[in-house]
Each structure stands twice: as C-alpha cells, then as structure tokens.
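Visitor: Dropping a structure here in structure tokens format, bear with me for questions.
Computed from the coordinates by the stated procedures, all read-outs in this text should not be read as laboratory data. Just so you know, these numbers come straight off a predicted model, no measurement behind them. All Cβ positions, glycine included, derive from the backbone under ideal geometry; neighbour counts span all protein chains shown.
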Amino acid sequence: MRARNIKPGFFENDELAELPFEGRLLFIGLWCLADKEGRLEDKPRKIKGIIFPFDDNLTVNSPLNNGDPTVMSLLDGLEHRGFIRRYTVNKQKYILIENFRKHQHPHHTEKNSEIPGPNETPETDKSVLNSNYLEPLTVNSPLNNGENPSDSLIPDSLIPDSLIPDSLIPDSLIPDSLIPDCGMRNNTSCSEPSFEAPEQVAATEAFLTITTNKKGVEYPVMEAQISEFQACYPAVDVRQEIRKMRAWALTHLQQRKTYGGMPKFINGWLSREQDKGVKIATQRDPPTTVLTRQGQHNLRVAEAYLERMGPTCKTE
C-alpha cells in the first residue's frame, strides 16, 4: 500500500455521507491501493483482505445478515455516485478512482502505472494518457460542479503528499536555461555564449568533449560555441583552455562536474584566464623610473661635474 493524504473536509462531503462508514473507509483504502494514476485491479476478495483484514463481519459478496454491506455492494455504491469507475480491458477487470490526480500528488519516484486506462486497448501505447489526465495537477484549482458527481468533493479536502519535500525533484541532466555571465573585468561588452540542449547540439560538430561526473556521459563543446567564447574572452586561447579542461576532468575524478553544471564551470575557467591575460598585458608596459632622493642628488652632482669639466672631459 502507498501513503496518501486526507484533510478533514473529506468527511463533510454530502455524496460520501450517503454511504455507510465502511464505504467511506473503503474509498480511502482504495487510494492507498491505487497506483500513481489512480488505477488498481478490481479484485474484491483481495481488496477486502488488505483493507479489512480484521473485519470478519464484512464479507466479499454474500452478507451474513440481511442488509449488511459487502465489499461488492460498497464498490457498487462508490461507482453509482461517481467516485470510482469499474471497467474491463482485455478481459481483465480494473478500478479507476475518478479525479485521483486532482487530489493526490504521488511522489516522483513512485512506479509508473502498468494498468491500462478505461479508454485504452492492449495495443494502445500506455504513454498516451486519457485526456482526463491532461489537466493541471493542482489542488487549489476550482472544480466544475455538475461535471461529475465526484466533483462535489471539497477541492481542499484532498491535498498533495506534503510529507514529501517539494525540493526533491528529479535530477535533470539538462536545465531549461543556461545563461552564463561573461565575467569580463574590463567593462568590455560581449554577447552571451549559448549552450544548446543535446538535441540541438547533435546537429553541429563538437570541438571536444569534457568528462562529467556521470559514468559514460560526456559534455560536448561545439564549434559554434568556440567562436562565441573567443569573442567574449579575447585574451584567452579558448581552444587550448578547453583542452586543459578535458585534461583536468580526466585527472580529477572526485571533482568532476555534472552535465548541467558544466557551462558554469567552463565560463568560470575562461573568465579567470581572461583576467590573467589582461593583467599580463598590463605588466608588459615599460615601467616609469622613479629616482630616490639620493639618486636625484647623485644625478645633479654628475651633471655639475660634467658641465665644469667641459670639452676637456673625455671618456677613456
């Protein structure tokens, strides 16, 4: 079973109130049995054994006493009121919890559904979901009253899994946007280097690749990027520095960068080299000679001596 969330507003729902308390508890239990798309196998005996393991008075189909609910009658009641849908695909029976993805937010590591949807056939690609599931996965969006009986649930009664921090997101190898700072220190404007996604990069030729921290994954530096880097860092031999970066990555196994962090790494490296180049160029200017007070005195004495000696002073 899986962890799901519920808020007090769930118990204020008028439609659910028409079911016996076993039906309301069964509905909650179905959430925990359902996969991330709100689907589960329609096996009443199995459902009863998992959700009501200690309730011998609740049977699967035949009631012990007249009027007592059964798992089958409770499922029928949930379906009649639009909370679930029971359907068959390829002779296999399944249950779909209506609007499950509106009210539950499964963790991203949860296994994808292997159960076909009600409008799918065995030949249908399961990656193409029913249009009912293409709605935004939000809790606070208003529901359309009358669209479905189960929409009478209070929108805030079922919340996403707040036990899972929002910061736990899949580790994307390629960020949506990578816009580095040119890092120029001499106030020279330049265009920003562009970093293309792998699908776009594949269409051009790579100058060199730099090993990332993920085994077998190389970050390509494209020829189109080299010219932009060179314009941004005129004091740097960009091609040579890219070769140095590759050599550094091959020898510093524990310090290799991620694929997504590689543009920042390259930009920082070239920026530092640009600063070094500007500093070296400044140092090459001829230094201005500044004489000390004693040196100035000696110079005046020498000039007075030469003037006094006049033309008779000859260098031997």
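Visitor: Using a 10 Å cut-off on Cβ atoms, rank the peptides 37-46, 13-22, 300-309 from the highest mean neighbour count down.
Guide: Working: 37-46: 17.8, 13-22: 15.0, 300-309: 9.8.
By packing density, highest mean first, the sequence is 37-46, 13-22, 300-309.
Visitor: Same structure, new question: Below 21 Å, Cα to Cα, which lysines can K214 reach? Residues fewer than 8 away in the same chain don't count.
Guide: Candidates past the 8-residue exclusion: K244, K257, K264.
Visitor: Give me H80, H103 ranked fewest to most by other Cβ atoms within 10 Å of their Cβ, as a rough exposure proxy.
Guide: H80, H103
Visitor: Given the pairs K7/K43; K43/K102; K7/K102, which are separated by over 21 angstrom at their Cα positions?
Guide: K7/K43; K43/K102
Visitor: If I model a spin label as a point 7 Å beyond the Cα along the Cα-Cβ vector, how far apart are those points for R308 and H108 in nm?
Guide: 9.0 nm
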